[in-house]
Amino acid sequence: MTRDSEDAAADAAIHTEALRKTYVTPRGEVPAVHGLDLTVRRGEFFGLLGPNGAGKSTTMGMLTTRVLPTGGTARVAGFDVRRRQIDVKRRIGVVTQANTMDRAVTIRQGLEYRGRYFGLTTRQARQRAAELLDRFQLGEVADAMDDHVSGGQSKRAMVARALIHRPEVLFLDEPTAAIDPQARNGLWELLRELNAGGQTILLTTHYLQEAQELCGRIAIVDRGTLLTCDTVAGITEASGADTVLTLTFDGPAEPTVERTLKLDGVRRAEAEGTELRVYAAKGEGLLGELIVVGADHGLAVRNAATLPPSLETAFLNLTGREYREQ
Ligand SMILES: Nc1ncnc2c1ncn2[C@@H]1O[C@H](COP(=O)(O)OP(=O)(O)OP(=O)(O)O)[C@@H](O)[C@H]1O
Ligand SMILES: [Mg+2]
């Protein structure tokens, strides 16, 4: 590392250079993460976004010292994840993708034990647990066992537990994957408040909307490689992400494709059944023209939707593939 990048690494919440993980399995080598350069500043709400198998959990595993890198470097809160594991562990809170709540104790006890583990006195642990239970609206279920509470409550309890020792960096791996929309919105609200209070958060998700709603900056990863890293606006602009218009006609859309492709600003047009999908450099005025094209073919528009440049259209531009959430 150069002097400058060393300073940046020490000051950043997370800093990786050429970070790599190749799993060795009986069926051969799996290159899960190959050469990741990332910097997350203190106070950021940062999203690691990518489809299934992109390498998000592996990256998180390396940053939280649970997975040993096979190459490159990573520092969290200024400490090398390989050489200073204990220093890193003390400064991070982790919510893994799988449920890791202890089924043999109540939620309150789980929080208190974790506090004791991190060196709080019994009294401090009790106080901090009570404070977090209240803040995360877990008062009602505080004395229940984890398998007697809802998925959303269980997730909130995991986040509360991860915060017991006031970590510098909070890691969340797909926090809303298995919970209902209402619980998800509640969790989003809590996470926003935490970040507004200065908490650095790294969140992995395969939901575009989640990354878009919560994160100041986003890294999009796919097949172990970083595609781009910026704000949502920066990503959509830089990738030349198109506006996507979808029109549903009252008959087959295929005959309209040829003329649509000749319209100003249209990059691509596809017909499927009665649906016409148009990728355009800009959306303004185009809908009217498409309606005319339809009418000239004796078709009326039943439905029309305009998708402005978004992470979805950016992913399509970067990979040539549609982003699939499941
Ligand atoms: N312990 C392991 N041993 C071998 N291969 C693994 C292991 N863990 C993950 N992989 C493989 O590494 C790749 C990346 O997996 P990873 O779990 O990091 O992806 P992910 O982005 O978190 O996916 P998801 O959205 O499904 O959680 C996948 O091909 C996966 O099968
Ligand atoms: Mg994962």
Can you put 117, 279, 207 in order of Cβ neighbours within 10 angstrom, beginning with the fewest? 117, 207, 279
Whole-Hz Karplus couplings 3J(HN,Hα) for the range 243-255, θ = phi - 60° and coefficients 6.51, -1.76, 1.60, Gly and Pro as x, run 6, 10, 9, 10, 10, 10, 9, 8, x, x, 8, 3, x
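Please give the net charge around residue 293, taking every other residue with its beta carbon less than 13 angstrom from that of residue 293, where Lys and Arg add +1 and Asp and Glu add -1. Walk me through the numbers on the way to the answer.
Numbers: positive: 259, 262; negative: 254, 258, 264, 289, 296.
Residues near residue 293 contribute -3 overall.
For the peptides 190-196, 171-177, what is the packing order when you average, over each peptide's residues, the other Cβ atoms within 10 Å and list the highest mean first?
171-177, 190-196
Å³ per residue of the Cα convex hull, for the range 73-133? Spell out each step's value before the answer.
Working: hull volume 6.7 nm³, N = 61.
Convex hull of Cα atoms, per residue: 109 Å³.
I'd like the per residue volume of the convex hull spanned by the Cα atoms of the range 210-326, given in cubic angstrom. Mind dumping the intermediate values first?
Numbers: hull volume 13.3 nm³, N = 117.
In the range 210-326, the Cα hull volume divided by residue count equals 114 Å³.
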With each label point set 7 Å from Cα along the Cα-Cβ vector, what nm distance links residue 281 and residue 196? 4.1 nm
Listed residues 104, 240, 216: farthest to the positive end of the dipole of the chain (Cβ charges): 104
Let me have the 222 nm mean residue ellipticity of the chain computed from DSSP H runs of 4+ only, each contributing -39500 (n - 2.57), with the sum over all residues rounded to the nearest 500. -10500 deg cm²/dmol
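Quick one: divide the alpha-carbon radius of gyration of the range 136-176 by 2.2 N^0.38 Å and tell me what you get.
Values: Rg = 10.8 Å, N = 41, 2.2 N^0.38 = 9.0 Å.
Rg over 2.2 N^0.38 Å, computed on Cα atoms: 1.20.
For the range 92-181, give the magnitude of the charge dipole about the Cα centre (Cβ charges: +1 Lys/Arg, -1 Asp/Glu; no others), in debye to the nearest 20. Numbers along the way, then the final one.
Values: 12 positive and 12 negative charges, 86 e Å.
With only Lys, Arg, Asp and Glu charged at Cβ, the dipole is about 420 debye.
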If you place +1 on the Cβ of every Lys and Arg, -1 on the Cβ of every Asp and Glu, and leave all else neutral, what size is the dipole of the chain about its Cα centre, to the nearest 20 Debye? 1700 debye
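Round to the nearest 0.05 the FRET efficiency obtained for residue 292 and residue 117 when R0 = 56 Å and r is the Cβ-Cβ distance.
Once the sixth-power term is evaluated, E becomes 0.25.
Cα-Cα pairs above 22 Å in the range 1-136: how many percent?
Numbers: 4477 of 9180 pairs.
Percentage above 22 Å: 49.
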So if I take the alpha carbon set of the range 275-326, get Rg, then get Rh from the Kirkwood formula, what is the Rg over Rh ratio? 1.05
Residue-count net charge about residue 242 - beta-carbon cut-off 11 Å; Lys, Arg +1, Asp, Glu -1: +3
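Provide the three semi-axes, in whole Å and in decreasing order, of the ellipsoid equivalent to the range 157-227 as defined by the square roots of 5 times the Cα gyration tensor eigenvalues. It would help to have the intermediate numbers written out before the result.
Values: eigenvalues 80, 48, 28 Å².
Equivalent ellipsoid of the range 157-227: 20, 16, 12 Å, largest first.
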For the chain: Kirkwood Rh in Å [reciprocal of mean 1/r, alpha carbons]: 22.0 Å
Let me test this: with uniform point scatterers at the alpha carbons of the range 187-272, what is the Debye-based log₁₀ I(q)/I(0) at q = 0.15, 0.16, 0.18 1/Å? -0.76, -0.81, -0.89
Listed residue (71, 39, 86) projecting farthest to the positive dipole end of the range 39-107, Cβ model: 86
Give, rounded to the nearest 20 debye, the magnitude of the charge dipole that the range 20-117 has about its Cα centre when Lys and Arg contribute +1 at Cβ and Asp and Glu contribute -1 at Cβ. 280 debye
Sorting check: for 36-47, 56-67, which peptide has the highest mean count of neighbouring beta carbons within 10 Å, and how do the rest follow? 56-67, 36-47
Stretch gain in nm, segment residue 233-residue 68, where the contour uses 0.36 nm per residue and the Cα spacing is subtracted: 56.0 nm
Angle check, please: helix 286-296 long axis (alpha carbons) against the longest principal axis of the chain (alpha carbons), in degrees 0 to 90, nearest 10. 40 degrees
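Taken together, the values in this text are just the output of simple stated rules run on the coordinates, not laboratory data. Computed from a prediction, not measured in an experiment: that's the story for all the values here. As a convention, Cβ positions derive from the backbone with ideal geometry for all residues, glycine included, and neighbour counts pool all protein chains shown.
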